[in-house]
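Visitor: My questions all concern the structure below.
The values are calculated or read from the model by the stated rules, or taken from the named source; none is laboratory data. Treat the numbers as computed from the prediction; the structure is a model and nothing was measured. In this analysis, Cβ positions are derived from the backbone assuming ideal geometry, glycine residues included, and neighbour counts consider all displayed protein chains.
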Amino acid sequence: LPHVLESETPRAGKLPRLGGRLCLDFINTVNSWRDPADFDRYLIQDDVLTDYKQIVYWARSVEVATETEAQTLFRLADEYPEDAAAIHERTLTFRNALHRLLTDYIHGREADPESMAIINFEIADTFSQSRLWWYDQKFTLESLSYDTEAQEQLDEFLEPVVHSAIELLTSPAELKRVRECPGEDCGWLFYDSSGRRRWCSMEDCGNAAKVRRFRERQKSATS
Ligand SMILES: [Zn+2]
């Protein structure tokens, strides 16, 4: 199996984690959600999750998969390329539906029924494999999917993301704190724990806006 050197880690494995919630980091796996021609429309620019293996790199980087699990998934993807491709497509469909529901909520729109159906499909799939456990004086929900067929393991990384999404969507207090970065080539979502956060990243989008404002002011001062 290929040993990936730090510098050779694909972009999916080293995206900045600015979402503050796993499901928001999952949404932030495209370079930009904004249509460059129309700020108020969505059009994915430069999707980082270009194939199944990129999802595994991402899952590893956000600790949804251990190194050993990631190696297993890489191997399974080589063994079952069609299954891996199908799960890649399903993952993007889920991510885009989640983005749609959250941005509809942020903008005060009703939930989109088609996106609801996609999320509900993933919930059914995830919870059919989950069991409640009691140990160490705690309840935990754990997957039984390690018992199942190899092909079925390929979607393992989705389960924690689905859990994170459900937690966020069903908690009104949490949901109210989800923001959409107003960066021109961004639209990343993040959890605003301080109540004052405007940008996904001050260094990146915040700074770009500052530089632009500065230039505009300079222009108007000299004209
Ligand atoms: Zn941004």
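Visitor: Condition first: at pLDDT 90 or above, of a type in the set (Gly, Ala, Ser) and either outside any loop (DSSP other than H, G, I, E, B) or surrounded by 15 or more Cβ atoms within 10 Å (Cβ to Cβ) (or both). Now tell me which residues in the stretch 175-213 satisfy that.
Guide: Answer for the stretch 175-213, where residues must be at pLDDT 90 or above, of a type in the set (Gly, Ala, Ser) and either outside any loop (DSSP other than H, G, I, E, B) or surrounded by 15 or more Cβ atoms within 10 Å (Cβ to Cβ) (or both): Gly183, Gly187, Ser201.
Visitor: Would you mind telling me which numbered condition in (1) surrounded by 14 or more Cβ atoms within 10 Å (Cβ to Cβ); (2) within 16 Å of the ligand (Cβ to nearest atom) Pro16 fails?
Guide: (1)
Visitor: Against the definition (within 23 Å of Arg17 (Cβ to Cβ), modelled with pLDDT under 95 and either part of a helix (DSSP H, G or I) or over 15 Å from the mean Cα position of the chain (by Cα) (or both)), how does Thr91 come out, yes or no?
Guide: Answer is no for this residue.
Visitor: A follow-up question, please. Keeping to the stretch 165-206, report how many residues are more than 10 Å from the ligand (Cβ to nearest atom), free of Cβ contacts under 8 Å to residues at least 40 places away in the same chain and touching a Ser or Thr at 6+ places or on another chain (Cβ under 9 Å).
Guide: 1
Visitor: Related question: As an exercise: evaluate Val161 against (1) over 21 Å from Leu73 (Cβ atoms); (2) part of a helix (DSSP H, G or I); (3) β-branched (Val, Ile, Thr) and give the number of the one condition it does not meet.
Guide: Looking at each condition in turn, Val161 falls short on (1).
Visitor: Determine whether Ser130 is away from the ligand (no atom under 16 Å from the Cβ) and under 19 Å from Leu18 (Cβ atoms).
Guide: So Ser130 does not fit the description; no.
Visitor: Just one of the numbered conditions (1) out of contact with any helix residue (DSSP H, G or I) (no Cβ under 7 Å at 6 or more places or on another chain); (2) surrounded by 17 or more Cβ atoms within 10 Å (Cβ to Cβ) is not true of Ile87; which one?
Guide: Condition (1) is where Ile87 drops out.
Visitor: Another question about this same structure. So which residues in the stretch 22-40 are assigned to a loop (DSSP other than H, G, I, E, B) and either away from the ligand (no atom under 16 Å from the Cβ) or free of Cβ contacts under 8 Å to residues at least 60 places away in the same chain (or both), if there are any at all?
Guide: Across the stretch 22-40, the qualifying residue is only Ala37.
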